[in-house]
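Below: one structure, written as structure tokens.
The numbers here are math on the coordinates, done by the rules we state, and not lab data. Everything numeric in this text was worked out from a predicted model, so none of it was measured. Methodologically, a virtual Cβ is constructed for each residue, glycine included, from the backbone with ideal geometry; neighbour enumeration extends over all protein chains shown.
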Amino acid sequence: MRNWNHAKKPNLRGLVKSAVAAGILAGSLVLSGHASAEKVLRVNMHSDLKIVDPIWTTAYMSRNYGYMVYDTLFAINTKGEVQPQMVDTYEVSDDGLTYDFTLRAGLKFHDDQPVTSEDVIASIKRWGAKDAMGQKMMTFVADMKATGDSSFQFTLNEPTGLILQALGKPSSNVPFIMPARIAATPPGEQITEYVGSGPYVFLQDEWKPGDKAEFAKFEGYVPRDEPGDGLAGGKHVHVDKVVWKVIRDQQTKMNALSKGEIDVIESPAHDLLPLMEQDENIQLVDLNPFGNQYTFRYNQLHPPFDDPKVRQALLYAFDQEEFLLAAIGDEKYYKLCKAMFICDTPLDTTAGFDDKLEGNLKKAKELIEESSYDGTPLILMHPTDLAILEPLPPVAKDIMEKIGLKVDMQAMDWQTLVGRRNKQEAPADGGWNAFITSWNSVDNASPLTTPFLNAACGQALFGWPCDDEIQSLRDDFSREPDSAKQLEIAQKIQERSADAPTHIHLGQWYQPTAMGKNISGAPVSPVVAFWGYKIDDE
């Protein structure tokens, strides 16, 4: 058992090396839940589940839901290696232009229909039109076709190492496999039918947004034969049901955990961790040793952030430590880091940022004065129901006002923010100008996986940056197999991002998970997964 109090911050350099182009990692760890008459794992997640389309949104709650209900073609093990998951065997031609895949026998959806190659192709097309790494992968794919009911083929227009890495991408957006009829939904629209082939069935009739979401073990799920290894291997389910229970007050959820009324708190408040450490009924476990990265996102469709000088001003004005102190407080749980692609990885570089993120208000004011900003208040969205994000927008508002910007900070719950950030309307018509979020470090450990770095205009994520130079450099990175040259390209990307920012990285932070002491078997991973869990009845 690894206890957070004695855990050292991981050095990612060796672990990331095998998956640097995808920036993806995973792992496994044995933990310890509270017994109940029925094997029900009761979990307080970091937010409420309101959007149940993990392709339509990058929200982690929807991604976490996706891992309950759907399965993936490939997955990542503890060494960062891409492993077959739904795929049984695959072959790559000598020239690297043809990939042939065969699915495992016995795969079926929750409606008892078999998983076919038609379902796979439709799902990959929808994901590939939405996800940043999927979009990049699809530029190499000339054709995808079924070669049998359970076999399919990718034909490429030029060789790339992206195919398996993209299909094994562990976090938002994940290439989950859906029935073809559902995957036919345009990626800009939400699906309305929730049928997967994953280890759990979503109990839609029991779903009460604001209260709970329930998932039952899918008896028809056939795990892989090998042991579970992070997100890879056999996904063995040892409970009858998982209930995600909404409890908003941090003290209330800690008391519920101590009394055995719930089994897991995904994201306990950092200011309560010292009390939890002293509670004999609670253990703090490091399920994501790679940590997270805070991120400020601009909306570049509308003023003032359509002007690069205004965006650059915030790079100078913001001080990472101000944000990290406000949200985390204890330096044991955070790290100052100017590396856009995460510190202690092969792409760790401060290029372009040596003089930024240090609270240089004088330089920031000069840029605002030189910019086109006309004094119109900008809308900063403020999620009030996530302890890990709630303190951050007030810090940003204070800094922005000090350099001459006017800020209208609008309070809302996180799921409302998740819906609103997709709106391209002008801020005065229900749109927005900026918000702050957090990504798993593995999401941002590569130019290809960093979602907010995608600068493909209308095809980019909400915020919609448009920069041909960044896109060209990302293309160069995707074609470069040499790690030293990849670092050189990453440095150029960071330097370009300092001149034409798409987002601001506000430092790294770490989040232990709180559990009752009678839970075991949970996988360590940057993604929250609920196979493997066991409840001790004694």
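How much length is gained if the chain between Gln278 and Asp225 is pulled fully straight, taking 0.36 nm per residue apart and subtracting their Cα-Cα distance, in nm to one decimal? Roughly 15.1 nm would be gained on extension.
Using a Förster distance of 51 angstrom, determine the FRET efficiency expected from the C-beta separation of Asp205 and Asp468, and round it to 0.05.
0.55
Evaluated with a Cβ-only charge set (Lys, Arg +1; Asp, Glu -1), region 376-483 carries a dipole of roughly 320 debye about its Cα centre, given to the nearest 20. With distances taken between every two different alpha-carbon atoms, the chain has a Kirkwood hydrodynamic radius of 23.6 Å. To the nearest Å, what is the center-to-center distance of region 370-398 and region 101-143, using C-alpha atoms only? Answer, in whole Å: 38. Charged side chains reduced to their Cβ positions (Lys and Arg at +1, Asp and Glu at -1) give the chain a dipole of some 340 debye around its Cα centre.
With neighbours defined as other Cβ atoms within 10 Å of a residue's Cβ, the residues Arg421, Arg181 order from fewest to most as Arg181, Arg421. Look at Leu325, Leu487 and count the other Cβ atoms within 10 Å of each Cβ; fewest to most, that gives Leu325, Leu487.
In order along region 442-454, the Karplus-derived 3J(HN,Hα) couplings, from 6.51 cos²θ - 1.76 cosθ + 1.60 at θ = phi - 60°, round to 5, 5, 10, 8, 8, x, 8, 9, 4, x, 7, 7, 4 Hz, and Gly and Pro are given as x.
Roughly how compact is region 292-509, stated as its Cα Rg over 2.2 N^0.38 Å to two decimals?
0.96
Under 15 Å from a label point set 7 Å out along the Cα-to-Cβ vector of Glu91, the amide N atoms of region 123-151 belong to 147-148, 151.
Annotation: lysines with alpha-carbon distance below 17 angstrom to Lys253 (same-chain offsets under eight excluded): Lys212, Lys245, Lys517.
Taking 7 Å steps out from each Cα toward its Cβ at Glu488 and Arg248 produces label points 5.4 nm apart.
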